[in-house]
Amino acid sequence: MGCRRFKSCCPDHRVVWVTTSKFMIARIYKPAKTAMQSGTARTKEWVLDYEPETPREIEPLMGWTASGDMRQQIRLQFDTAEEAVAYCERHRIPYQIFHPKLSARRIISYADNFAFSRRDPWTH
């Protein structure tokens with residue numbers, strides 16, 4: 001099924017190749033933990049995904065959000081940030097690295113809930 005060919009072997013319309021590699025910027029980051037989990041599962045590896053080139057649009061018929069950008073579906077996972085950077089440099093993809101903010105965790109024991117030096121008195 002492609003285009004028709006004539007005796008001159010030229011197609012009836014020209015195929016235009018669009019190169020969009022100049023806009024393809026990759027983001028390399030460690031995902032944050034979701035609010036629904038208390039552990040750090042699925043936050044140990046680095047993720048590479050692409051910046052959206054076009055904004056998402058709302059379809060008038062069903063009201064769903066749609067996008068014509070196929071690179072938003074690509075999500076690669078790496079063990080270290082260096083592996084993700086090496087992948088981007090090997091394939092000549094411009095990238096940005098977002099380093100994770102380390103959370104300051106307060107370590108308290110369960111007995112501290114019932115201590116006399118507690119700021120708010122314990123009531124039941």
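For region 95-112, give me the residue count where each residue is within 30 Å of Ile25 (Cα to Cα) and loosely packed, with under 10 Cβ neighbours inside 10 Å.
The number of residues fulfilling the criteria is 4.
Only a single item in (1) part of a loop (DSSP other than H, G, I, E, B); (2) surrounded by 10 or more Cβ atoms within 10 Å (Cβ to Cβ) is not met by Glu83, and it is number (1). Say we look at region 38-69 and pick out the residues that are hydroxyl-bearing (Ser, Thr, Tyr) and modelled with pLDDT of 80 or more; which of these is farthest from the chain's Cα centre (by Cα)? Ranking the candidates gives Thr65 first. Residues in region 38-61 that are among the basic types (Lys, Arg) and within 30 Å of Leu102 (Cα to Cα) were compared, and the one that is surrounded by the most Cβ atoms within 10 Å (Cβ to Cβ) is Arg42. For region 25-37, the criterion of being modelled with pLDDT of 80 or more and more than 21 Å from the chain's Cα centre (by Cα) is met by no residue. For Ile74, indicate whether it is closer than 13 Å to Ala26 by Cβ and not basic (Lys, Arg). Yes; evaluated as a whole, the condition is true for this residue.
In region 104-123 there is no residue matching the filter, namely being part of a loop (DSSP other than H, G, I, E, B), at positive phi, among the charged types (D, E, K, R) and under 36 Å from the mean Cα position of the chain (by Cα). For region 86-103, the candidate set comprises residues that are of a type in the set (A, V, I, L, M, F, W, C) and assigned to a loop (DSSP other than H, G, I, E, B); within that set, the residue that is modelled with the lowest pLDDT is Leu102.
The values are calculated or read from the model by the stated rules, or taken from the named source; none is laboratory data. Source: prediction; values computed, not measured. Note: ideal-geometry Cβ built from the backbone for every residue, glycine included; neighbour counts use all protein chains shown.
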